[in-house]
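K.L.:
What follows is a structure written as C-alpha cells; I'll ask about it next.
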Amino acid sequence: MTLAMPRPRGTAAQRLAEKSLLNGASQLLAGVAKASSTRLAWLACAPLALLGLGVFNLAARAEDLPELNAAFLANNLWLLVAAVLVIFMNAGFAMVEAGMCRQKNAVNILAKNLIVFCLAVSGYWLIGYSVMYGNPVLAGWFYFEGLFFDPTVTAEMVSEGGLVPTVDFLFQAAFAGTAATIVSGLVAERIKFGAFVIFALLLTAFVYPWLGSWKWNGGWLDSLGFLDFAGSTLVHSVGAWAGLVGAALLGARKGKFVDGQPAAVPGHNMAIATLGCLILWIGWYGFNPGSELAMSENVPYIAVTTTLAAAGGGIAATVYSQIISGKPDLTMTINGILAGLVSITAGCDVLPMWCAWVAGFIAGILVVISVGMLDSIGIDDPVGAFSVHGTCGIWGTLAVGIFGKDIGLLMGGGFNQLGFQIVGVVAYAIGAVVLSYIAWMIVSTIEGGLRVSDEEEMSGLDIGEHGMEAYPDFASKA
C-alpha cells in the first residue's frame, strides 16, 4: 500500500483539522529558513509544537471513527502483545547461538542478532510488507503496492473488530526478522559482518515477502489448499534454506572436519544457550497463538498444542541422544525443544492435542538424526539451525496432512491434504534456494567474498570484525 502524499499547502483559512503532521513540519521548516537570529530561539518549542499538532491530528481522525468496541480493543491489544513476544525471541536466538559457539566469536554473534531485527523492520517497512500483502501484479505469483504502507484506521476496522495496519505490520515484521535470524546460526563464526548485513536486508525486503505471499496473501499455494498456520515452512524452512545455501558457499569452519570426519566444536556457555531456549519457548506463545490474528477461543488451544509439542520434542531428543551416545546431550535437549516448537507451528490450530505431542516427539528424534546427516555430507551448521528449522519445519508442515483434524491422512481425510503439503514444501524449498543463491551471489560481488580471512577466523571475529571481546577480563583459549 502507498503512503498518501501530503496535499498542497493550504491558505491561512485552511482548517487546522485538515493539517497533517507532515504538512506542519514543512511549514515549520519554511518559517525557520526566513527567521532572524532572535526568532531562532523559538526553535526550542519545535518538538512540543510538532507533538501537539500530531496529537490534534490523531484526535481529529478519531472523531470520524465510531466508538471503540471491546472486540477491536481486545484483538489489537492481543496482537500487540504477541508482536512484542515474537520480537523478544531475538534475545533467545542470540543466547542460543552465542552459547553454542565459541567465546572468541560471541560479540560478532550478538551484534548480528541485534542488527538483523533493525534491518528486518527497515526493509520490511520500505518494501517487504507491500510485496507480501500488496495488490496482485501477477495473479497468485507476485504482489506489490508501492513503498511503505498506509497506516490509516478506518471506521470499518473499528466496527468489525479488525486490526489496525500498524499493529499488523509490527507483527508481520517480527516474523520477517525471525526468518533472517535463522540464517545467522547457519553461517556463524566465519561470515563477514557486512556480508550478513546485506543478505539479511535482501532476505527481509524481497525473498521472504515474495515467498510468503504465495500462501498468506491468497497466492497460488493458498488457492491450491496448502496449509501453514504460523510458518513452519513460510518462516522457518525459508530461513533455513537461505542459511543452508550460505553455509554451503562459505564452507566449514577451520577444525570442523579432520581427515574428512566431523569433529566436535563445543560451545562456550551452555547456561546462556539454555536461557535462550526458554526465552524462545515463551516467545512462541506470541508466534503461534498470535497468528490467530484475534483474541478468540482458539488462542488457548493453540498455546496448549504448542506446549505439548515442545515437551515431546525435548523428551525425545534427550532420550535418543542418550541411546546413540551413552549420555544425554544438553545441546540436543535444547534443539529438541525448539524442534518440537517448529514442528507444531504449521498445524497448531488443527492438530489434536495428542497428535501435537507425537509430532513434537518425532521432531525431537529427527533433529538429532538431521544434525548427524549434515555432518556426514560436509555441511557445517554450528548450532543445528537447519536441523531445527529446516528439517523439522518440513516435518511440521507434512504433519498437518497426516494428523490434521478431518483432513489428515490418519484422521480420515485421505491423501489430498498431504499432497498439497508436499507441493508446498517442495515449492518453498526450490524458491528459497534459488532466490537465496542469487542474493548470496550479489552479496559476494559487493563484499568481494563472503568469508573472513583465515587469520581473522583463527583469532576470532570479535577482534577482527568488531575490535572488542565479549569477556575481556578472562584469558582467551586457543
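The values are calculated or read from the model by the stated rules, or taken from the named source; none is laboratory data. Remember, it's a predicted structure, so these values are computed and weren't measured experimentally. Positions of Cβ are generated from backbone atoms using ideal geometry, with glycine treated the same way; all protein chains shown enter the neighbour counts. Side chains included, ligands, DNA and RNA excluded: accessible areas come from the protein's heavy atoms. Shrake-Rupley method; radii C 1.70, N 1.55, O 1.52, S 1.80 Å.
K.L.:
Run the 1.4 Å probe and let me know the accessible area of D150, rounded to the nearest 10 Å².
P.N.:
50
K.L.:
Exactly which chymotrypsin sites (Phe, Trp or Tyr not before Pro) in the stretch 120-175 are in a DSSP loop and have at most 12 other Cβ atoms within 10 Å?
P.N.:
Filter output for the stretch 120-175: W141.
K.L.:
Testing the spin-label approximation: label points 7 Å from Cα along Cα→Cβ at S376 and A263. State their distance in nm.
P.N.:
In this crude spin-label approximation the distance works out to 2.2 nm.
K.L.:
Please give the helix 21-33 orientation as an angle from the longest Cα principal axis of the chain, in degrees from 0 to 90, rounded to the nearest 10.
P.N.:
With rounding to tens, the tilt is 60 degrees.
K.L.:
Which entry is the computed Kirkwood radius over Cα pairs in Å for this structure: [x] 22.5; [y] 23.9; [z] 25.7?
P.N.:
[y]
K.L.:
Okay, next question. Measure off 7 Å from each Cα along the Cα-to-Cβ vector at S159 and E456, then give the distance between these two points in nanometres to one decimal.
P.N.:
In this crude label model, S159 to E456 measures out at 5.9 nm.
K.L.:
Please give the FRET efficiency for A71 paired with K327, using the beta carbon to beta carbon distance and R0 = 60 Å, rounded to the nearest 0.05.
P.N.:
0.70
K.L.:
Assuming a ≥ b ≥ c are the square roots of the Cα gyration tensor eigenvalues, decide whether the stretch 197-292 counts as rounded (a/c under 1.5), prolate (otherwise, with a/b larger than b/c) or oblate.
P.N.:
oblate
K.L.:
Shifting gears a bit: Taking amide H atoms as placed 1.01 Å from N in the peptide plane, list the residues 5 or more away in sequence, or in a different chain, whose amide H sits under 5 Å from that of F257.
P.N.:
Residues meeting the amide H criterion: A263.
K.L.:
Please state the relative contact order of the stretch 70-466 as a whole percent: Cα pairs under 8 Å, 6+ residues apart?
P.N.:
Rounded, it is 23 percent for the stretch 70-466.
K.L.:
What is the magnitude of the charge dipole of the chain about its Cα centre, with +1 placed on the Cβ of each Lys and Arg, -1 on the Cβ of each Asp and Glu, and no other charges, expressed in debye to the nearest 20?
P.N.:
That gives a dipole near 740 debye.
K.L.:
Count the lysine pairs in the chain whose Cα atoms lie under 16 Å apart, taking only pairs 8 or more positions apart in sequence or on different chains.
P.N.:
Lysine pair count for the chain: 8.
K.L.:
Quick check: Cα centre of the stretch 294-347 to Cα centre of the stretch 361-415, how many Å?
P.N.:
A separation of 12 Å, based on Cα centres.
K.L.:
According to the square roots a ≥ b ≥ c of the eigenvalues of the Cα gyration tensor, what is the shape class of the stretch 408-478, taking rounded for a/c under 1.5, prolate for a/b larger than b/c otherwise, and oblate for the remainder?
P.N.:
oblate
K.L.:
Calculated FRET efficiency, D406 and C118, Cβ-Cβ r, R0 35 Å, to nearest 0.05?
P.N.:
0.25
K.L.:
How far apart, in nm, are the 7 Å Cα→Cβ label points at I369 and V434?
P.N.:
Result for the modelled spin labels: 2.9 nm.
K.L.:
What is the magnitude of the charge dipole of the stretch 242-343 about its Cα centre, with +1 placed on the Cβ of each Lys and Arg, -1 on the Cβ of each Asp and Glu, and no other charges, expressed in debye to the nearest 20?
P.N.:
420
K.L.:
Accessible area of the stretch 184-323 with a 1.4 Å probe: how many percent of it is carbon plus sulfur?
P.N.:
69
K.L.:
Okay, next question. If exposed means no more than 10 neighbouring beta carbons inside 10 Å and the site is in a DSSP loop, what's the longest run of the chain without any exposed GluC sites (Glu not before Pro)?
P.N.:
Value returned for the longest uninterrupted segment is 68-296.
K.L.:
Two decimals, Cα atoms only, Kirkwood Rh: what is Rg/Rh over the stretch 380-447?
P.N.:
On the Cα set of the stretch 380-447, Rg over Rh gives 1.17.
K.L.:
Please work out the average accessible area per residue across the chain, using the 1.4 Å probe convention, and give it in Å².
P.N.:
Averaged over the residues of the chain, the accessible area is 43 Å².
K.L.:
Mind pulling the angle between the C-alpha long axis of helix 165-186 and the longest principal axis of the chain? Nearest 10 degrees, somewhere in 0 to 90.
P.N.:
Computed tilt is about 30 degrees.
K.L.:
At 1.4 Å probe size, what's the solvent-accessible area of I422? Round to the nearest 10 Å².
P.N.:
Counting only protein heavy atoms, the figure is 70 Å².
K.L.:
Full extension from S296 to A271: what is 0.36 nm times the residue separation minus their Cα-Cα distance, to one decimal in nm?
P.N.:
5.4 nm
K.L.:
Can you give me the angle between helix 70-100 and the longest principal axis of the chain, using Cα atoms only, in degrees from 0 to 90, rounded to the nearest 10?
P.N.:
For helix 70-100, the angle is close to 40 degrees.
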